[in-house]
Amino acid sequence: MILLAALCLADKRQTGNAAAAQTGDRIMPSYSPELIQTMRAALDEVMTKIPLDQATPAIKAHLAELILKTAAEGQTSYDALLAAASDNIQTILSMLT
């Protein structure tokens, strides 16, 4: 649900710190407000493709995580984020239903 919150709160940003980088700990990427808005729009759009009886918070969280991973890999356009999530709808639905 933390990942879902990153998409739902446009005024919040994920950040890492220098100490974490030195110790090899995982650093969370930092996303601009514009990219967060784009990710949220892609999530909202892909959720319209989920049947209402299957549109659970768990499905939304998995799709949000997929969108975040896609953005972290450098694919940050609305179309790329939407395509990545849309291409995985059936896989996610089969895992969680």
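Highest mean first, how do 81-91, 51-61 rank when packing is the count of other Cβ atoms within 10 Å averaged over residues?
Working: 81-91: 16.8, 51-61: 13.2.
In descending order of packing, they fall as 81-91, 51-61.
Pull up all non-local amide H partners of TYR31: gap of 5 or more, or a different chain, and H-to-H distance under 5 Å with H placed in the peptide plane.
Here GLN14 satisfy the definition.
Multiply the residue gap between SER77 and MET95 by 0.36 nm, knock off their C-alpha separation, and tell me the result in nm, one decimal place. Walk me through the numbers on the way to the answer.
Details: separation 18, 0.36 × 18 = 6.48 nm, distance 2.67 nm.
Residue separation times 0.36 nm, minus the Cα-Cα distance, leaves 3.8 nm.
The numbers here are math on the coordinates, done by the rules we state, and not lab data. Computed from a prediction, not measured in an experiment: that's the story for all the values here. For neighbour counting, all protein chains shown are included, and Cβ atoms are generated from backbone atoms with ideal geometry for every residue, glycine included.
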